[in-house]
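A.B. asks: One structure is given below, represented as structure tokens, and several questions about it will come after.
The values are calculated or read from the model by the stated rules, or taken from the named source; none is laboratory data. Everything numeric in this text was worked out from a predicted model, so none of it was measured. Heads up, the Cβs are rebuilt from the backbone with ideal geometry, glycines too, and the neighbour counts pull from every protein chain shown.
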Amino acid sequence: MSNKLKVSLSPHVHSGDSIRRNMDWVVVALLPAMLWSFYVFGLGAVIVTLTSVASCMLFEWAINKYILKNNKTTLSDGSAIVTGLLLAFNLPSNLPLYIIIMGALFAIGVGKMSFGGLGNNIFNPALLGRVFLLISFPVKMTTWPEPHQQNPFVYADATTGATPLADLQGANLGDLFFGNIGGSLGEVSALLLLVGFVILLIAKVISWHIPVSILCSAFVFGVVFYIIQGKMPFADICLLSLKHLLAGGMMLGAVFMATDYVTSPMTHKGMLIYGACIGFLVVCIRLFGSYPEGMSFAILIMNGFTPLINNACKPKRFAKEVKK
Amino acid sequence: MNVILVAVIALGVLGLVLAAVLFLIAKKFAVEEDPRIAQVAEVLPQANCGGCGFPGCGGFAEACVKAAGEGSLEGKLCPVGGQPVMEKVAEILGMTAEAGEQRVAVVRCNGTCANRPRTVQYDGVHTCRIAHNTAGGETGCFFGCLGCGDCVAACPFDAIHMNPETGLPEVDETKCTACGACTKACPRNIIELRPMGKKGRRMVVRCVNKEKGPVAKKACAAACIGCGKCVKTCEFEAITLENNLAYIDPTKCRLCRKCEEACPQGSIIAMNFPPRKPKAEAPVAPNADAAAPAVEPVQVVIPTVETAPKEASENPSL
Amino acid sequence: MKTFRIGGVHPEENKLSAGKKIEVMDLPKQAIFPLSQHIGAPAVPCVAKGALVKVGTKIADAGGFVSAPIHSSVSGKVAKIDTVIDASGYRKPAIIIDVDGDEWEPSIDRSTNIVHDTPLEPKEIVARIQEAGIVGMGGACFPAHVKLSPRTPVDVVIINAVECEPYLTADHSLMMEKSEEILIGVNLIMKAVGVKKAYIAIENNKPDAIALMQEKAKGFVGIEVCPLRVKYPQGGEKQLIDAVVNRQVPNPPALPADVGAIVQNVGTAFAIYEAVMKNKPLFERVVTVTGKSVAEPKNLLTRMGTPMSMLIEKAGGMPEDTGKVIGGGPMMGKALLNTDVPVCKGSSGILLMTEKESLRGEAQPCIRCSKCVTVCPMGLEPYLLQKLSEHTEWERAEAEQIMTCIECGSCQFTCPAHRPLLDWIRMGKGTVGGIIRARAAKS
């Protein structure tokens, strides 16, 4: 025979799944919310998104080539694009470019490559980038352009306002749900983020456990804390807790940030615990902390606990239960 | 003023109390350690390489002291420091260091790409451990080197490297400390620690194939076929034949090189010998030697007599 | 629709040879009989070089209780007893017979009429099965008589007709053509172990087989066809018991019999019928020859010892771009070193893969997507076991239950990073098993 037979151990077939496929689906799931943000914030959103994605890819390539001296590029797995998109989703649409680039450098350089690249990072890189910027440039990071500016092509000098979280009681539930509010790019429309969630579920990229447990626990703890405060009737409390789920980075974090493969637990039980803790922490930070928004901090804190959760929560082994 | 005073007093009292606690704990839980362990550790190279088989130099020092208590330092050797260091250790422990025989790792496979044609292509993880589990390997020989380089990865002294031409590992004898990491890493037990021998000279059967002659020969041109000619030739009963495979006992071998001539397969290799009769017409470059057909190993010589021993030790795969 | 509880994947089925009639394979010129065709001690040759044998003559005795005798599938002369490369990829001792004619042992009933009843007692049935050298024909090759002599009382027999491996159709075609015989075989198994209830488990991608078996099973008391949802690795013994009767077999050393169940392959049931009713030892079986590039995928009734190259020739020859030849299915089969490997008792199929199909994807770093954890039918964490094996942390690997891995390959099949999970886990399992045995031997 001309060509030699190949020999390897079983299995000899593969499902065809790949990291690239998963990343592509995440990008697809992000698209509805991204397009909506372009519509709401105009040119600024486009510039921020492009800058963030391009600089993330550039830094990943450059660090791989010149610092780690890897001959193989890791750009093709698509994870840098996802990090870039998610970072952009966490930024206001009028942020100066140099700040975005610094955020991307921190996200990729410190958040991902310093741990050894994809799969080894402890914390979600995009969130690390955001928190780095939030601490470094608190004012610029917490003033968001108003939606639907007069001139959609303004960039740096758009009229700005505070986050709806600052005055949640006054916000309109419908505006929050459909995305008629100020905020970071990707936080705007809860509806379109949920569409993204459904896309991810259908494509079997993520399981339902983390997002659902985060939203449920945030709602439950919101209700509990407001009841303890005891200043409002119960119906108002429920409405306000619901608004908490729709406002700020809650939806984005629950669907796209907390579900990041690398930094979330491995078992379904672990995922539920992880999600419930994030929900609890978010409500705590939002209600008692000095920051109006706590999603990124909550997720990063729980990222740190993920190895512990992995150690504690083992999957249900075969035949662990009673045999008959 | 008052505040400062309170703070100073509070901290001072706290410090005193904690100091007392630490002192008591240190007294109560003190571990009696043989002072000689620290002394021994001092003369060790402190490379913490683990080449001695113990966890770092501290572990080795402890083991030495323990062994001295039992009466003998036999088998304890710091491969990095060698004999001088062991003499110092023995001195501290009030013993005499036996002149430990210097050993070196020897790759007992000559299944080069030329000798041993590849019959299939292995497409699994590039490590010998798994290749060995998969099937017989890429060639017809199920005993020989798999060529994935687990020994190279295991060597803490950078003393073993794959030769891309032959597909076999080669030991750099100047660097090898006989720590045995490669012998443990090799799933086929091809690498053996053998005595260095006088001037590094030694006779080795470079094959571990236990198949019957025809099968072994079909798989590899340099395989030992178990014909037993070497056994008959040897005057010192140094060669034994078991499972169709010859083995030279290094303690009995007198380096007469007769078996090398007797071997029809060229499986017996004389290492680091000066060339016997330099043939002017066949100057073979040292690098090509290992790849050259091993049928006539006598040709595998280094042309000039003066440089021969030195070069030979640098090219141990001859 | 029933299925097992934990994990599982759904590989592309590719049952190319489904619905093809069983064809009888030609006799080989030389037949090779490896002495270890089963789990347990290798058989011991009882013929010498030059001996004349007939079809059905015993050529090797069982090497112990957990072992099985081997019978010649051809008539001719013993050429030699030598070592050959078998389907495991290693060189093993084997008996090689030069074929001459096709003369059968006179004791074998070669008529086609179906025998329904036997006066034999349970013990005699088991003895006949043992004497006929029958082993589990699904691939594991565990001697059948050992399973039929359970230590604990058993209340149900499960016949494994799941054939969850993609491509393979040997069991399917056997059910379509020998349904009556299979059911009698099942009856014999029930009688041998004294059980009143038997299930024939068939995945519902074989509706014709389900319908046919249901129809025929009406004539038998206590035999029920149990359709199962398609999911790999349903044919695994533990998964099958879980799926059919909802019982989970604990970790080794527990056996299926400890939860009151015995599993036998459908091919084994047919072989038992032939052995008990027709006095015919196990020397031929149905082998699927298949692959996307194969001209005519076929189900071939093949004598043991036939070189696989002959079967490939019969199915239209080896395609030019063949990259891999697999003995068995794509999920658990072994890649063969060459095609001269003989068909053995456990050879359910030969699968040819093209050059392109056979190359593995390049391994990327683990992204901890937890897909391997989700699909593992044993509830293990393959990503973790792989890392522990790679870093030789055997104690931790043992604590993480590496020994319960059934090597089904679901984790590696599903891994988006194309990591060779099972390669490492298998190696780790071997090492940890060795450590455990050494520890047991010491104490």
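A.B. asks: Quick check on residue A:261: is it modelled with pLDDT of 95 or more and within 14 Å of another protein chain (Cβ to nearest Cβ)? Lay out the reasoning, then the answer.
C.D. replies: Details: modelled with pLDDT of 95 or more: no; within 14 Å of another protein chain (Cβ to nearest Cβ): yes.
The answer is no for residue A:261.
A.B. asks: Quick check: is even one residue across the stretch C:433-442 more than 7 Å from every other protein chain (Cβ to nearest Cβ) and buried (at least 23 other Cβ atoms within 10 Å of the Cβ)?
C.D. replies: To start, the set of residues in the stretch C:433-442 that are more than 7 Å from every other protein chain (Cβ to nearest Cβ) comprises C:433-442.
Among the residues that remain, those that are also buried (at least 23 other Cβ atoms within 10 Å of the Cβ) are: none.
No, the stretch C:433-442 has no match at all.
A.B. asks: Counting only residues that are surrounded by fewer than 17 Cβ atoms within 10 Å (Cβ to Cβ) and not hydrophobic (A, V, I, L, M, F, W, C), give me the helices (runs of 4 or more DSSP H) lying completely in the stretch A:1-99 with at least 3 of them. Write out each step before concluding.
C.D. replies: Working: elements: A:19-41, A:43-62, A:79-89.
Answer list for the stretch A:1-99: A:19-41.
A.B. asks: If residue C:354 meets every condition in (1) surrounded by 23 or more Cβ atoms within 10 Å (Cβ to Cβ); (2) in contact with a Gly (Cβ under 9 Å, 6 or more places away or on another chain) apart from one, which number is that one?
C.D. replies: In the conditions (1) surrounded by 23 or more Cβ atoms within 10 Å (Cβ to Cβ); (2) in contact with a Gly (Cβ under 9 Å, 6 or more places away or on another chain), residue C:354 misses (1) alone.
A.B. asks: Show me the strands (runs of 3 or more DSSP E) entirely contained within the stretch B:144-241 in which 2 or more residues are modelled with pLDDT under 85.
C.D. replies: Values: elements: B:160-163, B:168-171, B:191-195, B:202-205.
Result: empty, no element qualifies.
A.B. asks: Now, a different point. With the condition kept exactly as written, say whether any residue in the stretch A:16-28 is under 24 Å from residue A:78 (Cβ atoms), away from every other protein chain (no Cβ under 12 Å) and in contact (Cβ under 8 Å) with a residue 24 or more places away in the chain.
C.D. replies: yes
A.B. asks: For the stretch B:151-166, give me each residue that is crowded, with 21+ Cβ neighbours inside 10 Å and within 22 Å of residue B:115 (Cα to Cα).
C.D. replies: Restricting attention to the stretch B:151-166, the residues satisfying the condition of being crowded, with 21+ Cβ neighbours inside 10 Å are B:151, B:155, B:159-160, B:166.
Result: B:151, B:160, B:166.
A.B. asks: Have a look at C:257, C:275 and point out the one that is under 30 Å from residue C:123 (Cβ atoms), touching a helix residue (DSSP H, G or I) at 6+ places or on another chain (Cβ under 9 Å) and within 14 Å of another protein chain (Cβ to nearest Cβ).
C.D. replies: On the way: C:275 fails: within 14 Å of another protein chain (Cβ to nearest Cβ).
Matching residue, one of C:257, C:275: C:257.
A.B. asks: Within the stretch C:329-351, which residues are out of contact with any Phe, Trp or Tyr (no Cβ under 9 Å at 6 or more places or on another chain), outside any loop (DSSP other than H, G, I, E, B) and at the interface with chain A (Cβ under 10 Å from one of its Cβ atoms)?
C.D. replies: Within the stretch C:329-351, C:334, C:335 meet the criteria.
A.B. asks: Considering only residues that are over 20 Å from the mean Cα position of the chain (by Cα) and either hydrophobic (A, V, I, L, M, F, W, C) or modelled with pLDDT of 80 or more (or both), which ones fall in the stretch B:68-83? Lay out the reasoning, then the answer.
C.D. replies: In the first step, residues of the stretch B:68-83 are kept if they are over 20 Å from the mean Cα position of the chain (by Cα); the result is B:68-73.
The answer is B:68, B:73.
A.B. asks: Yes or no: the stretch C:295-304 includes at least one residue that is within 22 Å of residue C:174 (Cα to Cα) and of a type in the set (Asp, Glu).
C.D. replies: yes
A.B. asks: May I pose another question? Could you count how many residues in the stretch C:375-420 are in contact with a helix residue (DSSP H, G or I) (Cβ under 6 Å, 6 or more places away or on another chain), more than 25 Å from residue A:112 (Cβ to Cβ) and of a type in the set (Ser, Thr, Tyr)?
C.D. replies: Looking only at that region, the number is 2.
A.B. asks: Looking at (1) in contact with a strand residue (DSSP E or B) (Cβ under 7 Å, 6 or more places away or on another chain); (2) within 13 Å of chain C (Cβ to nearest Cβ), which is the one condition that is false for residue A:92?
C.D. replies: All conditions pass for residue A:92, except number (2).
Residue-by-condition table, conditions (1) of a type in the set (D, E, K, R); (2) in contact with a helix residue (DSSP H, G or I) (Cβ under 7 Å, 6 or more places away or on another chain); (3) touching a residue at least 24 places away in the same chain (Cβ under 8 Å):
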| residue | (1), (2), (3) |
| --- | --- |
| B:102 | no, no, yes |
| B:114 | no, no, yes |
| B:130 | no, yes, no |
| B:140 | no, yes, yes |
| B:143 | no, no, yes |
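A.B. asks: Under 20 Å from residue B:106 (Cβ atoms) and surrounded by 21 or more Cβ atoms within 10 Å (Cβ to Cβ), is that true of residue B:225?
C.D. replies: Working: under 20 Å from residue B:106 (Cβ atoms): no; surrounded by 21 or more Cβ atoms within 10 Å (Cβ to Cβ): yes.
Judged against the criteria, residue B:225 is not a match.
A.B. asks: Checking the conditions here, which among C:407, C:390, C:355, C:395 is farther than 30 Å from residue C:299 by Cβ and either at the interface with another protein chain (Cβ under 9 Å from one of its Cβ atoms) or among the hydrophobic types (A, V, I, L, M, F, W, C) (or both)? Quick ask: steps written out before the conclusion?
C.D. replies: Numbers: C:407 fails: farther than 30 Å from residue C:299 by Cβ; C:355 fails: farther than 30 Å from residue C:299 by Cβ; C:395 fails: either at the interface with another protein chain (Cβ under 9 Å from one of its Cβ atoms) or among the hydrophobic types (A, V, I, L, M, F, W, C) (or both).
Going through C:407, C:390, C:355, C:395 in turn, just one is farther than 30 Å from residue C:299 by Cβ and either at the interface with another protein chain (Cβ under 9 Å from one of its Cβ atoms) or among the hydrophobic types (A, V, I, L, M, F, W, C) (or both): C:390.
A.B. asks: How many of the residues making up the stretch C:358-374 are more than 7 Å from chain A (Cβ to nearest Cβ) and closer than 17 Å to residue A:116 by Cα?
C.D. replies: Adding up the residues that qualify gives 1.
A.B. asks: Let me ask another. Determine whether residue C:325 is surrounded by 22 or more Cβ atoms within 10 Å (Cβ to Cβ), modelled with pLDDT of 90 or more and facing chain A (nearest Cβ under 8 Å). Spell out how you get there, then give the answer.
C.D. replies: On the way: surrounded by 22 or more Cβ atoms within 10 Å (Cβ to Cβ): yes; modelled with pLDDT of 90 or more: yes; facing chain A (nearest Cβ under 8 Å): yes.
Against the criterion (surrounded by 22 or more Cβ atoms within 10 Å (Cβ to Cβ), modelled with pLDDT of 90 or more and facing chain A (nearest Cβ under 8 Å)), residue C:325 qualifies.
A.B. asks: Of the numbered conditions (1) within 14 Å of another protein chain (Cβ to nearest Cβ); (2) touching a residue at least 40 places away in the same chain (Cβ under 8 Å); (3) aromatic (Phe, Trp, Tyr), residue A:225 satisfies every one except a single condition; which is it?
C.D. replies: The single condition residue A:225 does not satisfy is (1).
A.B. asks: Further question on the same structure: For residue A:235, which of the numbered conditions (1) part of a helix (DSSP H, G or I); (2) modelled with pLDDT under 90; (3) closer than 26 Å to residue A:129 by Cα; (4) not aromatic (Phe, Trp, Tyr) fails to hold?
C.D. replies: Single failed check for residue A:235: (3).
A.B. asks: Going by the conditions given, is residue C:400 over 29 Å from residue B:121 (Cβ atoms), more than 7 Å from every other protein chain (Cβ to nearest Cβ), in contact (Cβ under 8 Å) with a residue 12 or more places away in the chain and of a type in the set (D, E, K, R)? Let's see the steps before the verdict.
C.D. replies: Values: over 29 Å from residue B:121 (Cβ atoms): yes; more than 7 Å from every other protein chain (Cβ to nearest Cβ): yes; in contact (Cβ under 8 Å) with a residue 12 or more places away in the chain: yes; of a type in the set (D, E, K, R): yes.
Here the answer is yes, as residue C:400 does meet what is asked.
A.B. asks: Run down C:63, C:40 and say which single residue is surrounded by 15 or more Cβ atoms within 10 Å (Cβ to Cβ) and touching a residue at least 40 places away in the same chain (Cβ under 8 Å).
C.D. replies: The conditions single out C:40.
Per-residue answers, yes or no, for (1) in contact with a Pro (Cβ under 7 Å, 6 or more places away or on another chain); (2) surrounded by fewer than 21 Cβ atoms within 10 Å (Cβ to Cβ); (3) over 23 Å from residue C:178 (Cα atoms):
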residue	(1), (2), (3)
C:69	no, no, yes
C:79	no, yes, yes
C:102	no, yes, yes
C:119	no, yes, no
C:130	no, no, no
C:151	no, yes, yes
C:158	no, no, no
C:162	no, no, no
